[in-house]
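Below you'll find the structure, written out as structure tokens, and then a few comments.
Read the figures in this text as sums done on the coordinates, not as results from a lab. In this text, all values refer to a predicted model and were calculated from it rather than measured experimentally. Because the Cβ atoms are built from the backbone with ideal geometry, glycine has one as well, and the counts that use them run over all protein chains shown.
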Amino acid sequence: MKKTKTMSLRGVRQSGRRGNLMKLSGDRRALRARDDSRSPSAHLRFLTQNFVMNTYNRLPLVLTKGKGAYVWDADGKKYLDFFSGLAVNNLGHCHPKIVAAIRKQASELLHVSNVFHIPTQSMLAEELVRHSFGDKVFFCNSGAEANEGAIKLARKYSYKKFGMGRHEVITMKNSFHGRTLAMITATGQEKYQKGFDPLMPGFQYAVFGDLESIKNTITEKTCAILIEPIQGEGGVKMAPPEYFQALRKLCDEKDILLIFDEVQTGVGRTGKLFAYEYLGIEPDIMTLAKGLASGVPIGALVATDKIAQAFEPGDHASTFGGNPLSTATALATLKTIYQDDLLENAQKMGKYLCDQVRKLSQKLPSMILEVRNRGLMIAIELSIDAKQVALKAIEMGLLINAVQEKTLRILPPLTVTKKQVDEFIGKLAKSIRESKQSS
Ligand SMILES: Cc1ncc(COP(=O)(O)O)c(C=O)c1O
């Protein structure tokens, strides 16, 4: 009896699967008829176009291999990668120390629940606390999730101290904080919010770099200010240390928490481990992700003890957050940054790159308008279309990001050498010249 039931269930499953396969292969045959190219890249692009949800404006490249500052596409073409996974590959690709740490951890223990103690998680928390203003860390999987955690923590702190109703968060116009519903609300750019109404209640917006604007936005309901120390997605926009110092003072006076989103600026990108170190102040909460585990997904929320105490068991959790693989990789990332003096290298190479771009701008005076940086977080303002230049750069074997209409964002790995910067300058010059000619 049991056997018959099992067999018939299997039969149903198999015929269902066969049906699906027939449907898929029928569709595939039809689609394949349109996939006339024989290059591996073209076929993989075809699979993306037909089977992956259409949420990204992808560049026409299929990257399959990386080493240091270089990547190769599926057709074997080599590129100098100054895109760095948008500030994720801070140690370049397949750094031997990172590969070794991943191999070791994968062969010992990949995942256990947070119901248990996780040795690498505990050690990573200690390491982050040792190198920052913070006392306690919560781990999650992405930047958006870290920011969500920060908002929850700020609200809980405020609730415990002041009671209900003091829950609003001020964020900046032109900011970027992630793509969950709460984080598109926090992100002060309508283009990320359109079509997803109703947005989350409890967010107000001020102008980045303008203290008066923040003062005018604060009400008795404000519990926190969430701000990037450098607006990354907004075009590598900076504000002077005096602004942040005045903001810190304002927050202290009004008992409002100051949250720094260091998802992009953190982990050495700016030439210090965290960008707040340039500002002469410390936030109450800081969020990290991107470069923390060199490409293995991770997010973290760092807070002072006073604030972190607002969270009690059951208040916040994440199945994968702080798991052995991601935290072992993050430990290896931090160790490598210190052992290999990569913060110093980021400062030196950031300066060298910008000096070289300034020299180039003398040869291309009407095309390069400005270069600005903090370490290896670099923006180049052009008078011509940045996307056009980034596309031309691909032809030259260089990957760079057009972050705004006329702004290039340059994010070399922290391991970058002088020779690679020189190679970049040559390729950038050609890309700009040829874009100008074809525009
Ligand atoms: C400053 C900042 N915050 C948050 C995020 C969102 O991070 P994630 O994509 O890991 O959710 C990003 C991503 O670009 C970012 O640059």
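Could you check what % of the DSSP bridge pairs in the range 141-251 are antiparallel, to the nearest 5?
Taking every DSSP beta bridge with both residues in the range 141-251, the antiparallel ones total about 20 percent.
Let me check against my output: what whole-number percent is the relative contact order of the range 98-200, with C-alpha pairs under 8 Å and at least 6 apart?
Rounded, it is 15 percent for the range 98-200.
Can you give me the orientation-averaged projected area of the convex hull built on the Cα atoms of the chain, in nm²?
26.5 nm²
Could you list log10 I(q)/I(0) for the range 96-339 at q = 0.09 Å⁻¹, which the Debye formula gives when each Cα is one point scatterer?
-0.37
Please list the radius of gyration and Dmax for the range 122-229, considering alpha-carbon atoms only, with Å as the unit.
14.9, 43
Quick one: Cα centre-to-centre distance for the range 250-264 and the range 86-117, in angstrom?
31 Å
Mean separation of Cα pairs under 8 Å and 6+ residues apart, divided by the residue count of the chain: what relative contact order is that in percent?
The normalised contact order for the chain reaches 19 percent.
For K65, which aspartates and glutamates qualify as cross-link partners when the Cα separation must be under 16 Å and same-chain residues fewer than eight apart are set aside?
Within the straight-line limit of under 16 Å, K65 reaches these aspartates and glutamates: D73, D75, D81.
Considering the alpha-carbon set of the range 40-123 alone, what are its Rg and its Dmax in angstrom?
17.1, 46
Using DSSP loop states and a limit of at most 15 other Cβ atoms within 10 Å to flag GluC sites (Glu not before Pro), what is the longest stretch of the chain containing no flagged site?
Answer from the scan: 1-219.
Which value in nm describes the separation of the simple spin-label points at K306 and K78, placed 7 Å from the Cα toward the beta carbon?
5.4 nm
Explain nothing, just compute: Karplus ³J(HN,Hα) = 6.51 cos²θ - 1.76 cosθ + 1.60, θ = phi - 60°, for every residue of the range 340-351 in order, whole Hz, x for Gly and Pro.
9, 6, 6, 5, 5, 4, 5, 5, 5, 6, x, 5
Using the Cβ atoms and a cut-off under 13 Å, what net charge is assigned to the surroundings of G235, where Lys and Arg are +1 and Asp and Glu are -1?
Result for the local shell: 0.
Taking 7 Å along the Cα-to-C-beta vector as the label spot, tell me the A317-K254 distance in nanometres, rounded to one decimal.
Inter-label distance under the simple model: 3.6 nm.
Which whole-angstrom value gives the distance between the alpha carbon centres of the range 134-166 and the range 38-66?
What the calculation gives is 38 Å, centre to centre.
K152: which lysines have alpha carbons under 22 Å from its alpha carbon, excluding same-chain residues fewer than 8 sequence positions away?
Here the lysines satisfying the reach criterion relative to K152 are K136, K160, K161, K173, K221, K254, K290, K306.
At 7 Å along the Cα-to-beta-carbon direction for both L181 and D340, put a label point, then send me their distance in nm to one decimal.
Placing both labels 7 Å beyond Cα along the Cβ direction yields 4.2 nm.
Say the cut-off is 27 Å between C-alpha atoms; which of K67/K419; K237/K387; K67/K272; K335/K392 go over it?
K335/K392
Given N residues in the range 316-439, what is Rg(Cα) / (2.2 N^0.38 Å)?
1.26
Would you mind counting up the charge near A300? Only other residues with Cβ under 13 Å from its Cβ, with Lys and Arg at +1 and Asp and Glu at -1.
After counting each charged neighbour, the total is -4.
For the range 360-423 and the range 201-229, what is the separation of their Cα centres, given in Å?
32 Å
Give me the number: length gained by fully extending K348 to A100, i.e. 0.36 nm times residue separation minus the C-alpha to C-alpha distance, one decimal in nm.
86.5 nm
Give me Rg/Rg_expected for the range 264-334, where Rg uses Cα atoms only and Rg_expected = 2.2 N^0.38 Å with N residues.
It is 1.20.
Compute the FRET efficiency between S366 and E126 as 1/(1 + (r/R0)^6), taking r as their Cβ-Cβ distance and R0 = 60 Å, and round to the nearest 0.05.
Result of the calculation: an efficiency of 0.70.
Exposure proxy check: Y157, Y56 ranked by fewest other beta carbons within 10 Å?
Y56, Y157
Which percent, to the nearest 5, of DSSP beta bridges fully inside the chain are antiparallel?
65 percent
Place a point 7 Å from the Cα of F116 along the Cα-to-Cβ direction; which residues of the range 308-334 have their backbone N under 14 Å from it?
Taking a point 7 Å out along Cα→Cβ of F116, the residues of the range 308-334 whose backbone N falls under 14 Å are 323-325.
Over the range 96-339, calculate the relative contact order: mean separation of alpha carbon pairs under 8 Å at least 6 apart, over the residue count, as a percent.
This gives 31 percent for the range 96-339.
Can you list, bin by bin at 10 Å, the percent of alpha carbon pairs in the range 199-273, starting at 0?
The distribution over the range 199-273 is 17, 50, 28, 4, given as percents.
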